[in-house]
Amino acid sequence: MNAAHHLIKRRQCLAALACAAWACPALATDVKRQIWPGPVFKPSLQLSGLDGAVWSLAAQRGKPLLLNFWASWCEPCRAEMPSLERLASRHEAQGLQVMAINYRETEAVVHRFMDATALKLPVLRDGEGLAAKAFGVRTFPSTVAINRKGRVLFIVVGECDWSSPPASRWVAEML
């Protein structure tokens, strides 16, 4: 086997491993939590819910929040949502709010997705993608954690099992 052929085979193997890590996040080795890069800055945020009501981040002070940025075309987003819903239910008594912020899809698409999945998470629409941009979200799903004082603590990039021990510690830290 010549060097060029060996290099091609190696690249094919690496590509296959990358695809496997994407398809099965448990195979991925990188930790997904990133500490928020700044002591106080938090974008202001006003988004419409599927019910038409306007939701404001500023009005949520005093409540721990997880803002999950997702899209219906994103397989890891769809896989993560039931875990987020169970998390919200498990910590409801402690005031945790989990908001599913849809990235740049029409209201009709979002309604169809929510109806097909029977998920009950509150959904906000980021129709222009400005909220995702303000938080620096470039990968879906991404979840922003905000404590009761209104301080952004960290961002979880990629699909997360919110019942896993690391995620449970992250949530405990914000409650």
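Applying the Karplus relation 6.51 cos²θ - 1.76 cosθ + 1.60 with θ = phi - 60° to segment 166-173 yields 3J(HN,Hα) values of x, 5, 4, 5, 4, 5, 4, 4 Hz, where x marks Gly and Pro. Near the amide H of Ser48, within less than 5 Å, lie the amide hydrogens of Trp55, Arg125, all on another chain or at least 5 residues away, with H placed in the peptide plane.
Put simply, when 120-131, 94-105 are sorted by average Cβ atoms within 10 angstrom per residue, most first, you get 94-105, 120-131.
A short reminder: the numbers here are calculations on the coordinates, not readings from a lab. Here the structure is a predicted model, which is why all the values come from computation and not from measurement. Here the Cβ is made from the backbone with ideal geometry for all residues, glycine too, and neighbour counts use every protein chain on show.
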